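Right, one structure below, let's go through it.
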Amino acid sequence: MTPLLQFFNVGFHYDERQVLSNVSFTVHAGTCVALVGANGSGKTTLLRMASGALAASSGVVSLEGQTPSKMPHRLRSRLVALVPQQLDIPFDFTVQQIVAQGRTPYLGLLRGPSQTDHLAVERALDLTDTADLRHRIFNELSGGERQRVKIALGLAQEAKLLLLDEPTQNLDIGRQTELLILFDRLRDEGITILASIHDIHLIPGSFSEAHILNPDQSMTSGMPADILTSENLSKAFRFTPGRFPSTFHQALAQEAQ
Amino acid sequence: METELNKVAISPLTSAPLGRRQGDRALKTFGPINPSTFLIITLLLLLTLAGAIIVSVSLGATHIPLRAILSALLHRQPLTETQHTILFAIRLPRILASSIVGAALAVSGLMFQGLFRNPMADPYIIGASGGAALGACIGIVFLSQFTVYGFSATALLAFIGAVLTMMVVYALARSRGRTGGVTLLLAGFAVGTMLTNSTYLFELFDPNSSSGIRIVAAWLHGTIGVPEWKQLTATTCLFALAMVAAFPLMRRLNTLALGDDYAHQLGIRIEATRIAIILVGSLLTAIAVSLGGLISFAGLIIPHVARLIFGPNNVRLLAITAIGGALFLVIADTLARTVLAPSELPVGILMVFLGGPFFIYLLRKGKREYAL
């Protein structure tokens, strides 16, 4: 397995506030990796460093051997795509128009989209099952549809690494399951996924690795079934283990078998 | 490894309920318009503009029959000398000026709306009106006899004032290599208001007393003057230059709609793109201001309506807003100089009466969309 993304002792602080320190982990090509942690534990910051939007305050972030925040813009945008939690669009752009924006790194100032670009957009729409939505207005979509379109936008970029910031947030259980099926499909396509996820019960089936960001800024890494124990989670999310919601117990117990 | 959830039977993704489909919105945007239809619509709009210009030329205090104009155009029968003078020294320059003002305002409105990601932005939003007002006021009060290459001091100083103000506002809003949209708006508001109100002082010290004040007032309300051909040619060249520069920025505006962060990850150099948009938008605003003073609402409404009909793709909207803006202002200015003939209404006042209610209508209709 070749390492696609590596963090070596990475730290980050916003002005005075230290958000992350000594983060080290590797994402291998073709894997599906989950980031788990309480609100404010630095998951989004970590993803933004991987995408090159933020530069690490200390340590080294390496994307195929280069630092994402220092790579040439276009080169970077063909390697990594970040699907944000929120995508606010001020005008009535249609799904197809939005997804086509993913081709921006491949277009010049004057050169319009070519056949290759159209094909890439179609492929992104097909993979995410959003082709039927193409003429709908993005702002009028439901949460689940929106999530799929955002992923299609990331896919149109044809990046090797897809960073997803809480993709299952605000989705009902049916839409969450649709998303997991989509992840499986993307993995089959050879796309590497690093996602921050609050819905712990979704992780064991679809993700091969998980990293827990603890409040003391340490990390717990390993196979989801091994590390997503109520003991570890109670430490990461600071709650009393006895009051763990029963559905989590069941999902995790099933996983352990 | 399979979770319990994966075993639960769920409907295939493709049959997921699609909810509201092509509802009222589809009616509003006529669905997707294919490229050839779009080209035809653009050409029709261009023909309408040409028609409006010809009709407008014949209208006014002295009526020149359309037939006389057309036969002169076809070299059948020349116009009388008076007709010729009225046509070429007064009406045509003014009508061409109004079409450039309309096109420039509409396109710069389109650019600023896209840049600020707010459909309620107008070309004066970052203070251009204040600088232009101050410049024009100095020109009117102190340099009323002065001309440079066909430009009156008023037009020239208004132009310079608009460009300088926008540069100052931009510099004020920039910190640590980034420029926040809201900061830019607020800095523009503060600087623009200060400059606009400072014109009051000049009016106090006006050596020509009342006449100067009247001219300043008319200018502030927006009146399209009769430019010299030299000025018109120079302005047309500047306008053409700005349009050429605007074209490649349109695709960038589409990408900026996704937000700065997303545009950055798509490989766009945000700050450079922003500066380019502000430069071209400012140039267009200054062109409009130098020919017609401060005309409200045109730069706001034209892009807005175009977007309602043709959708938000800025590449298409560039041509549509330019032609639509020109057409709209040619019609408005013709009305302004004919409804109360022989006296004239400032076209800016007419625009306020047309534009104000329309703006409020839009505001009431789409409250959700206009949160800053």
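For the reader, a short list of remarks on this structure follows.
- Restricting the search to helices (runs of 4 or more DSSP H) fully inside the range B:1-98 and requiring at least 1 residues that are crowded, with 16+ Cβ neighbours inside 10 Å and modelled with pLDDT of 85 or more gives B:35-58.
- Subset of the range A:178-192 (residues that are among the aliphatic types (A, V, I, L, M) and in contact with a helix residue (DSSP H, G or I) (Cβ under 6 Å, 6 or more places away or on another chain)): A:Leu180
- Pick from the range A:93-129, criterion β-branched (Val, Ile, Thr) and farther than 22 Å from B:Gly259 by Cα, ranking: surrounded by the most Cβ atoms within 10 Å (Cβ to Cβ): A:Thr128
- A single entry from A:Gly42, A:Gly30 fulfils the requirement of being on the phi > 0 side of the Ramachandran plot and in contact with a Phe, Trp or Tyr (Cβ under 9 Å, 6 or more places away or on another chain): A:Gly42.
- Of note, A:Val60 satisfies the criterion of being away from every other protein chain (no Cβ under 11 Å), surrounded by fewer than 20 Cβ atoms within 10 Å (Cβ to Cβ) and closer than 27 Å to B:Arg269 by Cβ.
- Residue match in the range A:210-222 (condition: at the interface with another protein chain (Cβ under 9 Å from one of its Cβ atoms), over 24 Å from A:Gly143 (Cβ atoms), touching a helix residue (DSSP H, G or I) at 6+ places or on another chain (Cβ under 9 Å) and modelled with pLDDT of 85 or more): no
- From the options B:Val101, B:Val107, B:Val168, residue that is hydrophobic (A, V, I, L, M, F, W, C) and more than 14 Å from the chain's Cα centre (by Cα): B:Val168
- Between B:Leu327, B:Leu258, B:Leu279, the distinction of being more than 14 Å from chain A (Cβ to nearest Cβ) and at pLDDT 90 or above belongs to B:Leu327 only.
- Condition check for A:Leu153 on (1) free of Cβ contacts under 8 Å to residues at least 40 places away in the same chain; (2) closer than 21 Å to B:Thr273 by Cβ; (3) not aromatic (Phe, Trp, Tyr): one failure, at (1).
- Residue match in the range A:144-156 (condition: in contact with a strand residue (DSSP E or B) (Cβ under 6 Å, 6 or more places away or on another chain), polar (S, T, N, Q) and more than 10 Å from chain B (Cβ to nearest Cβ)): no
The values are calculated or read from the model by the stated rules, or taken from the named source; none is laboratory data. Everything numeric in this text was worked out from a predicted model, so none of it was measured. Here the Cβ is made from the backbone with ideal geometry for all residues, glycine too, and neighbour counts use every protein chain on show.
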